[in-house]
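Chemist: Okay, handing you the structure first.
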Amino acid sequence: MNTLAQRLNVDRLLLQAPMAGSQGSALALAVCGAGGIGALPAAMLTPEALAQELTTLTQGTGGPWNLNFFCQTAPVPDAAREARWREALAPYYAELGLDIAAVPAGAGRVPFSHAVADLVEPFRPPIVSFHFGLPAPDLLARVKGWGSMVLSSATTVDEALWLEAQGVDAVIAQGVEAGGHRGMFLTEDLTTQVGTFALLPQIVAAVKVPVIAAGGIADVAGVRAALTLGASGVQVGTAYLCSNEATTSALHRAALQSEAARHTQLTTLFTGRPARGIPNRVMRELGPLNPAAPAFPTATAAIAPLRAHWEKQGSGDFSPLWSGQNASGCRSAPAADITAALLQGFA
Ligand SMILES: Cc1cc2nc3c(=O)[nH]c(=O)nc-3n(C[C@H](O)[C@H](O)[C@H](O)COP(=O)(O)O)c2cc1C
């Protein structure tokens, strides 16, 4: 048993990855009920929705759960880049007879803040995890002060050392196989992003805090491999995307369960930060890392109407089809079954 598990009073650290836009409290509750640690992603929730979800979650489980935030800083507005982005998207608007000038610029994802902390504090989350670094020291101290364990993703050894120095209770080593956003925050250089097998043992050797492995883990053998490489636990995302309790759209589920999911790419087109998803028309035609895409999270606003239009036609050509490199674990099943299967890797 490791220190984090002891402090959470569990014997196996199987964390369901928080997946903003693809799940809410229902998935977290199902995972908690089956002996895993469920997560509630807060990045895309309004304060009202977050309060509602926290109420549902805390009424439904007594076991440990994880509340997750993004902690980006607001980007400096860049009118020239926004103009280049709109120019790149203009032909797609013209194709539909839509006016891109009518689309307001906007954020789309909310970072952690004192106002959000006011709302969260009464719910006393056993774990609060962050993606893209950590919030400002006073905010971090506040979260630790009310007793939550603090976790954050590291995509390099340097990031893991930085997180440890700031006082996290555990580091999530996020290999480049992982679905969704890269948690990278000390570098924007994608050549630093390596696979879980390369990253995990290096982080385990570098830090004293427990390390949770994430990225490409989808079955018992994957869990065992991560534990063998020194992980204290694992965090699994993609394998839960087609579970009954996930809110993943029908077209996203279909892509995940088709041959299309054999291909994934990092792309900045949907939010401005690199994230792994199944390639679609807009990624192929504009290039997945097109430099015109505005900084996170402002890229979302101008592509959102195209996404909405095409999803109504049953097409994911302008949707983020987030997926890790290993979608083999995606099955339409109760999350409890997926959790029970993964837990066998700890035996
Ligand atoms: C659809 C999707 C959404 C995600 N959203 C978040 C999020 O909101 N917060 C977060 O910390 N990580 C997010 N992630 C990344 C996961 O925390 C984790 O690193 C990843 O799922 C692990 O790799 P795997 O998908 O191969 O299991 C997301 C991943 C996916 C697939």
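Chemist: Add -39500 (n - 2.57) for each DSSP H run of 4 or more in the chain, then divide by its residues: what number comes out at 222 nm, to the nearest 500 deg cm²/dmol?
Modeler: -11000 deg cm²/dmol
Chemist: Continuing with this model, one more query. Per q in 0.14, 0.17, 0.19 Å⁻¹, report the Debye log10 I(q)/I(0) for the stretch 145-226, using one uniform scatterer on each alpha carbon and no solvent.
Modeler: After summing over all Cα pairs, the log10 values are -0.43, -0.63, -0.77.
Chemist: Here is a follow-up. Over the C-alpha atoms of the stretch 239-280, what are the Rg and the largest Cα-to-Cα span, Dmax, in Å?
Modeler: 11.0, 30
Chemist: If you don't mind, another one. To the nearest 20 debye, what is the magnitude of the charge dipole of the stretch 223-347 about its Cα centre, counting +1 on the Cβ of each Lys and Arg and -1 on the Cβ of each Asp and Glu?
Modeler: 140
Chemist: Just the Kirkwood number for the stretch 39-146, please: inverse of mean 1/r across all distinct Cα pairs, in Å, one decimal.
Modeler: 16.3
Chemist: Which residue, Thr55, Thr267, Thr248, has the most motion in a Gaussian network model of the chain that connects Cα atoms within less than 10 Å?
Modeler: Thr55
Chemist: Could you quote the convex hull projected area for the stretch 281-335, Cα atoms only and averaged over all directions, in nm²?
Modeler: Taking a quarter of the hull surface, the average projection is 5.5 nm².
Chemist: For the chain, find the longest principal axis of its Cα atoms and tell me its angle to the long axis of helix 196-206, 0 to 90°, nearest 10.
Modeler: The two axes meet at around 50 degrees.
Chemist: Which angle from 0 to 90°, rounded to the nearest 10, does the C-alpha axis of helix 157-166 make with the longest principal axis of the chain?
Modeler: That works out to roughly 60 degrees.
Chemist: Run the accessible area of the chain with a 1.4 Å probe and give the carbon-and-sulfur part as a rounded percent.
Modeler: Within the chain, the accessible surface is 55 percent carbon and sulfur.
Chemist: If you restrict to DSSP beta bridges whose two residues both lie in the chain, what percentage is antiparallel, to the nearest 5?
Modeler: The antiparallel proportion sits near 15 percent.
Chemist: Roughly how many debye, to the nearest 20, is the charge dipole of the chain about its Cα centre, given +1 on each Lys and Arg Cβ, -1 on each Asp and Glu Cβ, and no other charges?
Modeler: The dipole of the chain has a size of about 340 debye.
Chemist: Once the Cα atoms of helix 299-312 and of the chain are each reduced to a long axis, what angle between those two axes, in degrees from 0 to 90 to the nearest 10, is obtained?
Modeler: 80
Chemist: Kindly identify the stretch 90-218 as rounded, prolate or oblate by the Cα gyration tensor criterion: order the square roots of the eigenvalues as a ≥ b ≥ c, call it rounded if a/c is under 1.5, otherwise compare a/b with b/c, prolate if a/b is larger, else oblate.
Modeler: The shape class here is oblate.
Chemist: Which order do Asp169, Asp219, Asp11 take when ranked by solvent-accessible area (1.4 Å probe, heavy atoms of all protein chains), largest first?
Modeler: From most accessible down to least: Asp11, Asp219, Asp169.
Chemist: On a full-extension model of 0.36 nm per residue, what is the gain between Ala198 and Asp99, subtracting their alpha-carbon distance, rounded to one decimal in nm?
Modeler: Computed gain between Ala198 and Asp99 is 31.0 nm.
Chemist: Return the unpartnered cysteines for the chain, using a Cβ-Cβ cut-off of under 4.7 Å.
Modeler: Cysteines of the chain left without a disulfide-compatible partner: Cys32, Cys71.
Chemist: How many nm is it between the label spots at Gln313 and Thr3, if each spot is 7 Å from the Cα in line with the beta carbon?
Modeler: Each label point lies 7 Å from its Cα, and together they span 5.6 nm.
Chemist: Which whole-number value in Å² is the accessible area per residue of the chain, probe 1.4 Å?
Modeler: Ligands and nucleic acids excluded, the result is 40 Å² per residue.
Chemist: Of all the C-alpha pairs in the stretch 244-347, what % are more than 22 Å from each other?
Modeler: 36
Chemist: May I have the extent of the alpha carbons of the stretch 55-113 along their three principal axes, as whole Å values ordered from largest to smallest?
Modeler: For the stretch 55-113, the Cα spread along each principal axis is 52, 29, 15 Å.
Chemist: Still on this structure, I have one more. GNM on the chain, C-alpha springs below 10 Å: top fluctuator among Gln313, Gln265, Gln202?
Modeler: Gln313
Chemist: Further question on the same structure: Averaged over every viewing direction, what's the projected area of the C-alpha convex hull for the chain? Give it in nm², one decimal, please.
Modeler: Mean projected area for the chain: 16.0 nm², to one decimal.
The values are calculated or read from the model by the stated rules, or taken from the named source; none is laboratory data. Since the structure is predicted, the reported quantities are computational estimates derived from the model, not experimental observations. Every residue, glycine among them, receives a Cβ derived from its backbone with ideal geometry; neighbour counts consider all protein chains shown. The area values use the complete protein model at the heavy-atom level, side chains included, leaving out ligands, DNA and RNA. Shrake-Rupley method; radii C 1.70, N 1.55, O 1.52, S 1.80 Å.
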